[in-house]
Amino acid sequence: MKQGERKAHFEPVATYMGWIAVLAALVSGIGTTTSEELLFTFATMATGVGVAVYAACSRRFGLLAIGLMATYIAICALFHRAQPQDTLAALWYTVTSLALLAGLFVAHHRLKEPE
(Lines give C-alpha, C1' and ligand atoms only; values in the text may rest on other atoms or scores of the structure.)
Protein backbone atom coordinates (compact mmCIF):
# COMPACT_ATOMS: atom_id res chain seq x y z
CA MET A 1 0.00 0.00 0.00
CA LYS A 2 1.38 3.39 -1.01
CA GLN A 3 1.70 6.24 1.41
CA GLY A 4 -1.48 8.33 1.52
CA GLU A 5 -3.80 5.49 0.59
CA ARG A 6 -6.40 4.52 3.14
CA LYS A 7 -8.54 1.51 3.68
CA ALA A 8 -12.13 2.54 3.13
CA HIS A 9 -13.52 -0.25 5.30
CA PHE A 10 -12.00 1.43 8.38
CA GLU A 11 -14.01 4.63 7.79
CA PRO A 12 -17.13 3.62 9.78
CA VAL A 13 -15.06 2.59 12.78
CA ALA A 14 -13.03 5.81 12.70
CA THR A 15 -16.16 7.92 12.31
CA TYR A 16 -18.07 6.28 15.15
CA MET A 17 -15.10 6.23 17.52
CA GLY A 18 -14.21 9.82 16.67
CA TRP A 19 -17.68 11.14 17.42
CA ILE A 20 -17.90 9.05 20.58
CA ALA A 21 -14.60 10.57 21.75
CA VAL A 22 -15.72 14.13 20.96
CA LEU A 23 -19.08 13.73 22.67
CA ALA A 24 -17.57 11.93 25.68
CA ALA A 25 -15.13 14.81 26.12
CA LEU A 26 -18.02 17.28 26.11
CA VAL A 27 -20.14 15.17 28.47
CA SER A 28 -17.21 14.92 30.90
CA GLY A 29 -17.58 18.62 31.65
CA ILE A 30 -21.29 18.47 32.43
CA GLY A 31 -21.17 17.12 35.99
CA THR A 32 -18.59 19.63 37.20
CA THR A 33 -19.32 22.48 39.56
CA THR A 34 -17.37 25.00 37.53
CA SER A 35 -18.84 28.03 35.85
CA GLU A 36 -18.30 26.39 32.45
CA GLU A 37 -20.80 23.59 33.13
CA LEU A 38 -23.56 25.33 31.16
CA LEU A 39 -21.16 25.87 28.28
CA PHE A 40 -20.37 22.15 28.21
CA THR A 41 -24.07 21.31 28.42
CA PHE A 42 -25.06 23.50 25.49
CA ALA A 43 -21.99 22.45 23.48
CA THR A 44 -22.92 18.81 24.03
CA MET A 45 -26.50 19.49 23.00
CA ALA A 46 -25.52 21.42 19.87
CA THR A 47 -22.93 18.84 18.82
CA GLY A 48 -25.33 15.97 19.47
CA VAL A 49 -28.04 17.61 17.37
CA GLY A 50 -25.52 18.29 14.62
CA VAL A 51 -24.34 14.68 14.56
CA ALA A 52 -27.94 13.44 14.59
CA VAL A 53 -28.94 15.69 11.67
CA TYR A 54 -25.88 14.66 9.65
CA ALA A 55 -26.58 11.00 10.42
CA ALA A 56 -30.23 11.29 9.39
CA CYS A 57 -29.24 12.91 6.09
CA SER A 58 -26.61 10.25 5.39
CA ARG A 59 -28.89 7.43 6.65
CA ARG A 60 -26.49 6.21 9.36
CA PHE A 61 -28.56 4.95 12.27
CA GLY A 62 -25.62 4.32 14.60
CA LEU A 63 -24.48 7.93 14.40
CA LEU A 64 -28.06 9.08 14.84
CA ALA A 65 -28.34 7.09 18.06
CA ILE A 66 -25.02 8.46 19.34
CA GLY A 67 -26.08 12.05 18.59
CA LEU A 68 -29.49 11.63 20.18
CA MET A 69 -28.04 10.04 23.31
CA ALA A 70 -25.60 12.95 23.75
CA THR A 71 -28.47 15.40 23.30
CA TYR A 72 -30.58 13.45 25.82
CA ILE A 73 -27.76 13.55 28.38
CA ALA A 74 -27.47 17.33 27.96
CA ILE A 75 -31.23 17.84 28.30
CA CYS A 76 -31.27 15.69 31.44
CA ALA A 77 -28.43 17.75 32.88
CA LEU A 78 -30.48 20.90 32.32
CA PHE A 79 -33.46 19.20 33.97
CA HIS A 80 -31.38 18.42 37.05
CA ARG A 81 -30.24 22.02 37.38
CA ALA A 82 -33.84 22.76 38.42
CA GLN A 83 -33.41 20.33 41.36
CA PRO A 84 -36.66 18.40 40.84
CA GLN A 85 -38.29 16.29 43.52
CA ASP A 86 -37.61 12.57 43.44
CA THR A 87 -41.07 11.68 42.13
CA LEU A 88 -40.82 14.19 39.30
CA ALA A 89 -37.33 12.96 38.41
CA ALA A 90 -38.55 9.36 38.29
CA LEU A 91 -41.47 10.37 36.08
CA TRP A 92 -39.12 12.39 33.86
CA TYR A 93 -36.77 9.48 33.27
CA THR A 94 -39.60 7.01 32.73
CA VAL A 95 -41.38 9.12 30.13
CA THR A 96 -38.35 10.55 28.33
CA SER A 97 -36.40 7.31 28.11
CA LEU A 98 -39.41 5.48 26.68
CA ALA A 99 -39.99 8.33 24.22
CA LEU A 100 -36.32 8.21 23.17
CA LEU A 101 -36.50 4.45 22.72
CA ALA A 102 -39.68 4.74 20.64
CA GLY A 103 -38.08 7.47 18.55
CA LEU A 104 -35.03 5.31 17.91
CA PHE A 105 -37.24 2.40 16.81
CA VAL A 106 -39.10 4.66 14.37
CA ALA A 107 -35.85 6.15 13.08
CA HIS A 108 -34.34 2.70 12.61
CA HIS A 109 -37.36 1.63 10.61
CA ARG A 110 -37.26 4.74 8.41
CA LEU A 111 -33.49 4.64 7.85
CA LYS A 112 -33.49 1.06 6.62
CA GLU A 113 -32.08 0.74 3.17
CA PRO A 114 -34.72 0.04 0.52
CA GLU A 115 -34.85 -3.56 -0.60
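The values are calculated or read from the model by the stated rules, or taken from the named source; none is laboratory data. Every value quoted in this text rests on a predicted model; they were computed, and no experiment measured them. Please note: Cβ atoms are built from the backbone with ideal geometry, for glycine as well, and neighbour counts cover all protein chains shown. For accessibility, only protein heavy atoms count, side chains too; no ligands or nucleic acids. Shrake-Rupley method; radii C 1.70, N 1.55, O 1.52, S 1.80 Å.
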*To the nearest 10 degrees, how steeply does helix 86-111 sit against the main Cα axis of the chain, on a 0 to 90 scale?*
20 degrees
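When the solvent-accessible surface of protein heavy atoms is calculated with a 1.4 angstrom probe, in what order do Trp19, Trp92 fall, highest first? Show your work: numbers first, answer last.
Values: Trp19 90, Trp92 65 Å².
Listed by decreasing accessible area, they come as Trp19, Trp92.
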_Per residue solvent-accessible surface (Å²) - the chain, probe of 1.4 Å_ = 69 Å²
_Under DSSP loop assignment and at most 13 Cβ neighbours within 10 Å, longest trypsin sites (Lys or Arg not before Pro)-free interval of the chain_ = 60-111
*Rounded, prolate or oblate: which one fits region 58-115, using the alpha carbon gyration tensor with axes a ≥ b ≥ c (rounded when a/c is under 1.5, else prolate when a/b beats b/c, else oblate)?*
oblate
*Which one of Thr41, Met69, Ser28 has its Cα pushed farthest toward the positive end of the charge dipole of the chain, where Lys and Arg give +1 and Asp and Glu give -1 at the Cβ?*
Met69
_From the helices alone, meaning DSSP H stretches of at least four residues, give me the mean residue ellipticity at 222 nm for the chain, per-run term -39500 (n - 2.57), in deg cm²/dmol to the nearest 500._
-25500 deg cm²/dmol
*asked:* Is the C-alpha gyration tensor of the chain telling us rounded, prolate or oblate? Criteria: a/c under 1.5 is rounded; beyond that, a/b larger than b/c is prolate, otherwise oblate.
replied: oblate
_Can you tell me how region 23-91 classifies by the Cα gyration tensor, rounded, prolate or oblate, using a/c under 1.5 as the rounded cut?_
oblate
_Rounded to the nearest percent, how much of the accessible area of the chain (1.4 Å probe, protein heavy atoms only) is carbon and sulfur?_
68 percent
